Amino acid sequence: MLKGILPKEYAFFDFFDEHIQITIQICKEFKSLTEAPTKILEYVEKIDKLEKEADKIHDTCTEALHKTFITPIERSDIFNIIKRMDDIADNMRTASNRMSIYEITEIRDEAKEMADILLNSTTELKEAIFGLRNIKKPDVINEKCALIHKLENDADEILRKAITRLFKEKDTVLIIKWKEIFERLEKAVDRCDNLANLIEGVLIDNA
């Protein structure tokens with residue numbers, strides 16, 4: 001009987017799970033985009049639609065946070081986790097849109113590598129986020145967060161390689177276009193790493 005009148009505080013974990021699933025799908029669509037640039041508009045439309053769905057989950061979660069008295073973890077942690085998740089989706093959308101606006105027809109190898117890292121990072125985040133439901137068993141969460149940190153380091157190396165190669169080009173406009181795209185992809189990876197840091201902080205606070 002009480003279950004029906006008490007706030008559904010644990011629904012926040014459902015918001016997290018739903019959002020990361022959409023974010024993974026965005027990364028899959030982006031990876032497909034890098035493999036078939038002739039269909040770039042098709043993939044950009046899919047990513048835009050998915051990002052709007054992610055925005056709705058972010059807004060619903062934030063609204064619920066204002067209305068819920070009891071939360072499973074700190075309110076600030078919930079807010080920051082859903083915000084970082086939304087940042088990943090937003091930067092992915094921006095990167096794909098830039099590729100469309102700039103009429104990119106040839107995908108650089110480093111962009112394909114970054115697409116793989118983003119898909120792997122968000123997949124590992126899915127497991128870490130789901131682990132928050134059973135926070136007293138942190139082994140899986142710690143393992144997944146460590147993998148995400150490694151992927152972020154790998155992305156740094158790819159970015160350095162990409163920028164070094166890019167600035168050897170003679171086409172100034174091409175340099176400007178790809179530099180902005182790479183920077184957006186880097187931000188998306190950084191947000192994955194930030195999110196892993198937040199999750200590790202939640203573990204420490206609830207140890």
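Since every read-out is calculated from the coordinates, none of them should be taken as a lab result. Computed from a predicted structure; not experimentally measured. As a convention, Cβ positions derive from the backbone with ideal geometry for all residues, glycine included, and neighbour counts pool all protein chains shown.
Worth pointing out:
- Order of Cys27, Cys61 under a 10 Å beta carbon neighbour criterion, fewest first: Cys61, Cys27
- Straight-line cross-link reach from Lys187 at under 13 Å between alpha-carbon atoms covers these aspartates and glutamates, not counting any fewer than eight positions away in the same chain: Asp86, Asp87, Asp90, Glu152, Asp156.
- Sequence of Leu41, Leu65 once ranked by neighbouring C-beta atoms within 10 Å, starting from the fewest: Leu41, Leu65
- Measuring how big region 9-205 is from its alpha-carbon positions, Rg and Dmax come out at 17.3, 59 Å.
- Helix 11-35 and the longest principal axis of the C-alpha atoms of the chain enclose an angle of approximately 10°.
- Sequence of Lys168, Lys49 once ranked by neighbouring C-beta atoms within 10 Å, starting from the fewest: Lys168, Lys49
- The chain - mean residue ellipticity at 222 nm from DSSP helices (-39,500 (n - 2.57) per run, n ≥ 4, rounded to 500): -28500 deg cm²/dmol
- The stretch between Asn80 and His149 holds 23.0 nm of extra length on full extension. This uses 0.36 nm per residue minus the Cα-Cα distance.
- Rounded to 10°, Cα long-axis angle of helix 40-67 versus longest principal axis of the chain: 30
- Inter-site label distance for Thr60 and Glu169 at 7 Å from Cα along Cβ, in nm: 4.0
- Nearest 10 degrees, 0 to 90: helix 109-131 Cα axis against the chain principal axis: 0
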